[in-house]
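**Q** Below you'll find the structure I mean.
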């Protein structure tokens, strides 16, 4: 009778022989091999490649291995080269906030006013505003309801974010600008912590 040690030695010899025939393969804990290049493949005890079958439901390849005289079924997710798309690394958004009444600086980059109303008493020459994007501001109804009341801040944020979710084109335009150069969102409110520019910035950064 063949001892267990002899069986193990015979299996190791088969593994070594298959590894030499398939230098790009990787030994698994079961003594089997999986081809690293292309789609998953495996080899039987005679060194021949086993048959792979396409699983239409799970979009994976099912194939069989035969280590230690036992049939083991593995299912490895795979994608064809046409389905593989390169990963794009997006530049970070550079967005800052500033009161419209504050003096402009070179670090501001593109200065965009996001109030629906023009800041009272501010001339266009002093404002140095590159663009007035009033359509991204809160609706007149929401602006009047909020009235810069801190006690209504959380509800204001919720309602304003709901309005912003319907303005994808404007948001996309602002994100594009913020990736190319610094973007400064200008507002007229005295409260620098509770205003629409704060909500807009946080929404863009998500």
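The values are calculated or read from the model by the stated rules, or taken from the named source; none is laboratory data. The structure presented is a predicted model; accordingly, all values stated were derived computationally and were not measured. Backbone-built Cβ (ideal geometry, glycine too); neighbour counts: all protein chains shown.
**Q** Which residues, counting only those in region 128-141, are part of a helix (DSSP H, G or I) and either touching a helix residue (DSSP H, G or I) at 6+ places or on another chain (Cβ under 8 Å) or not assigned by TED's automatic domain parsing to the domain that holds residue 106 (or both)? Steps first, please.
**A** Taking region 128-141 first, the residues part of a helix (DSSP H, G or I) are 134-136, 140-141.
Once the filter is applied, which keeps residues that are part of a helix (DSSP H, G or I) and either touching a helix residue (DSSP H, G or I) at 6+ places or on another chain (Cβ under 8 Å) or not assigned by TED's automatic domain parsing to the domain that holds residue 106 (or both), region 128-141 yields 135, 136.
**Q** While we're looking at this one, here's another question. If residue 144 satisfies every condition in (1) more than 19 Å from residue 177 (Cα to Cα); (2) at pLDDT 95 or above; (3) part of a strand (DSSP E or B) but one, which is the exception?
**A** Every condition holds for residue 144 apart from (3).
**Q** Give the number of residues within region 147-162 that are in a helix (DSSP H, G or I), without any contact (Cβ under 8 Å) to a residue 40 or more places away in the chain and out of contact with any helix residue (DSSP H, G or I) (no Cβ under 6 Å at 6 or more places or on another chain).
**A** Total meeting the criteria: 5.
**Q** Answer yes or no as to whether residue 93 is surrounded by 12 or more Cβ atoms within 10 Å (Cβ to Cβ), at pLDDT 90 or above and touching a strand residue (DSSP E or B) at 6+ places or on another chain (Cβ under 9 Å). Steps first, please.
**A** Values: surrounded by 12 or more Cβ atoms within 10 Å (Cβ to Cβ): yes; at pLDDT 90 or above: yes; touching a strand residue (DSSP E or B) at 6+ places or on another chain (Cβ under 9 Å): yes.
It is true that residue 93 is surrounded by 12 or more Cβ atoms within 10 Å (Cβ to Cβ), at pLDDT 90 or above and touching a strand residue (DSSP E or B) at 6+ places or on another chain (Cβ under 9 Å).
**Q** What's the number of the only condition in (1) surrounded by 12 or more Cβ atoms within 10 Å (Cβ to Cβ); (2) out of contact with any strand residue (DSSP E or B) (no Cβ under 6 Å at 6 or more places or on another chain) that residue 133 fails to meet?
**A** (2)
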